[in-house]
Ligand SMILES: Cc1cc2nc3c(=O)[nH]c(=O)nc-3n(C[C@H](O)[C@H](O)[C@H](O)COP(=O)(O)OP(=O)(O)OC[C@H]3O[C@@H](n4cnc5c(N)ncnc54)[C@H](O)[C@@H]3O)c2cc1C
């Protein structure tokens, strides 16, 4: 186990945060209980004083096949997984072409695009907690829309190996991304409430395009909080709380964050 100094104003996709020491876990290390596990920080908003953090190191960055399964390490990036399934003509993970993250983060968030979610094609997970490693079939893990109940650190996932990579789907996923702002963000800030869209609600309460310092609710997609340059945590949090308050007052709807706020 070693420690790495990470500048979250560069590492996180929203480019907010300060420099923090992150514990790096490699094979053979006992997973400590206290630190918060991070992946690629594509779904995180970090304060200047985050809790203790850990991440998986290069030993967990791997992808291979065994029999009729695809096996992926917890630190493997979506781009690498996508290149592998394309090259080896494997079906079901095409949506990773347009979804940033590491395997651990993708599984913990049950990340996806519309009806394409990572749990759809998952067989099982290996989860580490302290010195204990448990392999669990998908059905033993509670999961749903942008949620999976993972008690520990995902170190490995196994997927069904079905041939037939569908290149036509890539254009579909690309089209779904046309309303995505180009500035740094952490993707959608809020989950969509049942039967509605968080972006529609934020727009309806007049916050689309609203700015605080260098953070703003995007004028392209109102559920994206974008960093216009030197955006900071306090301004991001102010806009998030403002949207929750206005939507609650205007519609009686409680918005729930999809992003994880670490402070
Ligand atoms: C431009 C943009 C567009 C996006 N669009 C989408 C989208 O369409 N759909 C979607 O679902 N998401 C989207 N996201 C969000 C993001 O891509 C996903 O949430 C992704 O799964 C995050 O992966 P990560 O490795 O960056 O995880 P992080 O952001 O580092 O962490 C996210 C969560 O995963 C947990 N976690 C990370 N690694 C592990 C591990 N090894 N074991 C256990 N838990 C772990 C963390 O504790 C945290 O709770 C978007 C993000 C951006 C920046």
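Find all pairs meeting these conditions: Cβ atoms under 6 angstrom apart; at least six residues apart or on different chains; first residue within the range 140-155 and closer than 16 Å to residue 37 by Cβ; second residue crowded, with 19+ Cβ neighbours inside 10 Å and at pLDDT below 95.
From residues that are closer than 16 Å to residue 37 by Cβ, the pairs are 153/31.
If you check 150, 81, 71, which single one turns out to be assigned to a helix (DSSP H, G or I) and either outside the structural domain of residue 8 (by TED's automatic domain parsing) or closer than 25 Å to residue 193 by Cα (or both)? First the steps, then the outcome.
Numbers: 150 fails: assigned to a helix (DSSP H, G or I); 71 fails: assigned to a helix (DSSP H, G or I).
On inspection, the qualifying residue turns out to be 81.
Just the residues that are within 16 Å of the ligand (Cβ to nearest atom) and surrounded by fewer than 16 Cβ atoms within 10 Å (Cβ to Cβ), please, taken from the range 223-234. Give the steps one after another, and end with the answer.
Within the range 223-234, the subset within 16 Å of the ligand (Cβ to nearest atom) is 223-228, 231, 233.
The one that is within 16 Å of the ligand (Cβ to nearest atom) and surrounded by fewer than 16 Cβ atoms within 10 Å (Cβ to Cβ): 228.
Please state which one of 178, 134 is surrounded by fewer than 19 Cβ atoms within 10 Å (Cβ to Cβ) and part of a loop (DSSP other than H, G, I, E, B). Steps first, please.
Numbers: 134 fails: part of a loop (DSSP other than H, G, I, E, B).
After ruling out the rest, the residue left standing is 178.
For the range 229-241, which residues satisfy the criterion of being over 22 Å from residue 19 (Cβ atoms) and either touching a residue at least 24 places away in the same chain (Cβ under 8 Å) or assigned to a strand (DSSP E or B) (or both)?
Here is the first cut: in the range 229-241, the residues over 22 Å from residue 19 (Cβ atoms) are 238-241.
Result: 238, 239, 240.
For the structure I just gave you, tell me whether residue 155 is modelled with pLDDT of 95 or more and near the ligand (Cβ under 10 Å from one of its atoms). So that I can check it myself, show each step before the final result.
Values: modelled with pLDDT of 95 or more: yes; near the ligand (Cβ under 10 Å from one of its atoms): yes.
Yes: the conditions hold for residue 155.
Return yes when residue 205 is farther than 18 Å from residue 81 by Cβ, within 14 Å of the ligand (Cβ to nearest atom), modelled with pLDDT of 95 or more and in the same structural domain as residue 250 (by TED's automatic domain parsing) and no when it is not. Break it down into steps so the answer makes sense when it comes.
Numbers: farther than 18 Å from residue 81 by Cβ: yes; within 14 Å of the ligand (Cβ to nearest atom): no; modelled with pLDDT of 95 or more: yes; in the same structural domain as residue 250 (by TED's automatic domain parsing): yes.
No; evaluated as a whole, the condition is false for this residue.
Looking at residue 140, is it modelled with pLDDT of 95 or more and either within 22 Å of residue 55 (Cα to Cα) or touching a helix residue (DSSP H, G or I) at 6+ places or on another chain (Cβ under 9 Å) (or both)?
It is false that residue 140 is modelled with pLDDT of 95 or more and either within 22 Å of residue 55 (Cα to Cα) or touching a helix residue (DSSP H, G or I) at 6+ places or on another chain (Cβ under 9 Å) (or both).
Any residue in the range 210-222 that is within 24 Å of residue 39 (Cα to Cα), outside any helix (DSSP H, G or I), within 11 Å of the ligand (Cβ to nearest atom) and in contact (Cβ under 8 Å) with a residue 12 or more places away in the chain? Spell out the reasoning first.
Step one: list which residues in the range 210-222 are within 24 Å of residue 39 (Cα to Cα), which gives 215.
Those still in the list that are outside any helix (DSSP H, G or I) too: 215.
So of that shortlist, the ones also within 11 Å of the ligand (Cβ to nearest atom) come out as none.
No, there is no match, as no residue in the range 210-222 is within 24 Å of residue 39 (Cα to Cα), outside any helix (DSSP H, G or I), within 11 Å of the ligand (Cβ to nearest atom) and in contact (Cβ under 8 Å) with a residue 12 or more places away in the chain.
Filtering the range 177-195 down to residues that are farther than 23 Å from residue 122 by Cα and touching a helix residue (DSSP H, G or I) at 6+ places or on another chain (Cβ under 8 Å), which residue is nearest to the ligand (Cβ to nearest atom)?
188
When you scan the range 161-168, do you find a residue that is assigned to a strand (DSSP E or B), in contact with a helix residue (DSSP H, G or I) (Cβ under 6 Å, 6 or more places away or on another chain) and not assigned by TED's automatic domain parsing to the domain that holds residue 36, even just one? Give the steps one after another, and end with the answer.
Going residue by residue through the range 161-168, those that are assigned to a strand (DSSP E or B) are 163.
In the following step, the residues that additionally are in contact with a helix residue (DSSP H, G or I) (Cβ under 6 Å, 6 or more places away or on another chain) were identified as none.
There is no residue in the range 161-168 that is assigned to a strand (DSSP E or B), in contact with a helix residue (DSSP H, G or I) (Cβ under 6 Å, 6 or more places away or on another chain) and not assigned by TED's automatic domain parsing to the domain that holds residue 36.
Going by the conditions given, is residue 60 more than 23 Å from residue 184 (Cβ to Cβ), buried (at least 21 other Cβ atoms within 10 Å of the Cβ) and either within 14 Å of the ligand (Cβ to nearest atom) or free of Cβ contacts under 8 Å to residues at least 24 places away in the same chain (or both)? If you could, list the steps in order and put the result at the bottom.
Numbers: more than 23 Å from residue 184 (Cβ to Cβ): yes; buried (at least 21 other Cβ atoms within 10 Å of the Cβ): yes; either within 14 Å of the ligand (Cβ to nearest atom) or free of Cβ contacts under 8 Å to residues at least 24 places away in the same chain (or both): yes.
So residue 60 passes the test.
Do we have any residue at all in the range 101-118 that's buried (at least 18 other Cβ atoms within 10 Å of the Cβ), away from the ligand (no atom under 12 Å from the Cβ) and in a helix (DSSP H, G or I)? Write out each step before concluding.
Step one: list which residues in the range 101-118 are buried (at least 18 other Cβ atoms within 10 Å of the Cβ), which gives 101-111, 116-118.
Right, trim to away from the ligand (no atom under 12 Å from the Cβ) and you get none.
No: the range 101-118 contains no residue that is buried (at least 18 other Cβ atoms within 10 Å of the Cβ), away from the ligand (no atom under 12 Å from the Cβ) and in a helix (DSSP H, G or I).
Tell me whether the range 26-41 contains one or more residues that are over 16 Å from the mean Cα position of the chain (by Cα) and within 12 Å of the ligand (Cβ to nearest atom). Working first, answer last.
Quick first cut of the range 26-41, residues over 16 Å from the mean Cα position of the chain (by Cα) only: 26-35.
Subsequent filtering for residues that are within 12 Å of the ligand (Cβ to nearest atom) retains 31, 35.
Yes, there is a match, as at least one residue in the range 26-41 is over 16 Å from the mean Cα position of the chain (by Cα) and within 12 Å of the ligand (Cβ to nearest atom).
Condition test on residue 53, is it over 23 Å from residue 143 (Cα atoms), at pLDDT 95 or above, more than 9 Å from the ligand (Cβ to nearest atom) and over 12 Å from the mean Cα position of the chain (by Cα)? Step through it out loud before you land on a result.
Working: over 23 Å from residue 143 (Cα atoms): yes; at pLDDT 95 or above: yes; more than 9 Å from the ligand (Cβ to nearest atom): yes; over 12 Å from the mean Cα position of the chain (by Cα): yes.
So residue 53 passes the test.
The values are calculated or read from the model by the stated rules, or taken from the named source; none is laboratory data. All of these numbers come straight from a predicted model, not from anything done at the bench. Every residue, glycine among them, receives a Cβ derived from its backbone with ideal geometry; neighbour counts consider all protein chains shown.
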